[in-house]
Amino acid sequence: MKRRHIGWIAGAAAAVLVAAGAITYAVAEDAGSGTAAKTPGAESADAGFARDMAVHHQQAVEMSYIVRDRTQNPEVRRLAYDIAQTQANQRGMLLGWLDLWGLPKVSADPPMTWMGMGDMASGKDGALMPGMATNTELKKLQSLNGKQAEILYLQLMTGHHKGGIHMAEGCVQKCTVGVEKRLAQGMVDAQQSELQVMAQMLKERGSAPRS
């Protein structure tokens, strides 16, 4: 694993954290100066993405903290920390926007309904959306240590990122709030880069992403 990769991730995470306040203020200003018609509805793609990605991000944070305690490898721990901090911050922004819009944080509709994919989210064994790890996989991650924990984390997070990218691309296409669309595109760009880093890390450990 080249340190320049880890350095890039840390720098990207810091940039996201610095930009978070500006993005939140921009949403507030848009909502405060615009008309009621500009506020997303409870069934909109904007609200659906905010709700679903908040749940999706929460699991990434959980997995990252699990592996942090299961390995002493500095590169994996640094990657996990960066993912946890970035996605926890983004999750707070998404939930904050729902508050700002006066919209509920939960919906009676299945996850990903806003993408026209509500029938794909079975919720089987805790995997509420594509890419999410199952409860069984999380328990397995908690039982492993060292290299084995690193490999499973990288594999699970690879699948998680792919599912997250698909959702974020959906928001880029369907959301109407400009700053939310830009945040979604930023998620796509950052997670695609992290996929390349994780693929290299898996290769260094004699493994590969799951097919």
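For the range 46-143, the set of trypsin sites (Lys or Arg not before Pro) satisfying both a DSSP loop assignment and a count of at most 15 other C-beta atoms within 10 Å is given as Lys105. Between Thr134 and Asp109, the simple spin-label model (points 7 angstrom out along Cα→Cβ) gives 2.8 nm. In whole angstrom, note down how far apart the Cα centers of the range 136-211 and the range 94-115 are. When both Cα centres are located, 22 Å separates them. Simple rule: put +1 on each Lys or Arg Cβ and -1 on each Asp or Glu Cβ in the range 86-201, find the dipole, and look at Gly126, Gln142, Ala88; the Cα lying farthest toward the positive end is Gln142.
Label zone of Leu100 (point 7 Å out along Cα→Cβ, amide N under 17 Å): in the range 146-184 this covers 172, 175-184. Evaluated over the range 115-211, the count of Lys pairs having alpha-carbon atoms less than 17 Å apart is 4 (only pairs 8 or more residues apart or interchain).
If the Kirkwood radius is taken over C-alpha pairs of the range 70-161, then at 20 °C and 1.002 mPa s the Stokes-Einstein diffusion coefficient equals 140 µm²/s. About the centre of its Cα atoms, the range 143-198 shows a dipole size close to 100 debye [charges on the beta carbon of Lys, Arg (+1) and Asp, Glu (-1) only; nearest 20 debye].
The residue among Gln173, Leu152, Gly186 whose Cα reaches farthest toward the positive pole of the charge dipole of the range 138-192, with charges on the beta-carbon of Lys, Arg, Asp and Glu, is Leu152. Charges were assigned to the Cβ only: +1 to each Lys and Arg, -1 to each Asp and Glu. The resulting dipole of the range 51-187 about its Cα centre is roughly 220 debye. Our summary gives the range 79-189 a relative contact order of 14 percent, counting only alpha carbon pairs under 8 angstrom and 6 or more residues apart.
All of the numbers you see were taken from the coordinates with simple rules; none came from a lab. Worth saying up front: this structure is predicted, and the values here are computed from it rather than measured. No Cβ is skipped: glycine too gets one built from the backbone with ideal geometry, and neighbour counts run over all protein chains shown.
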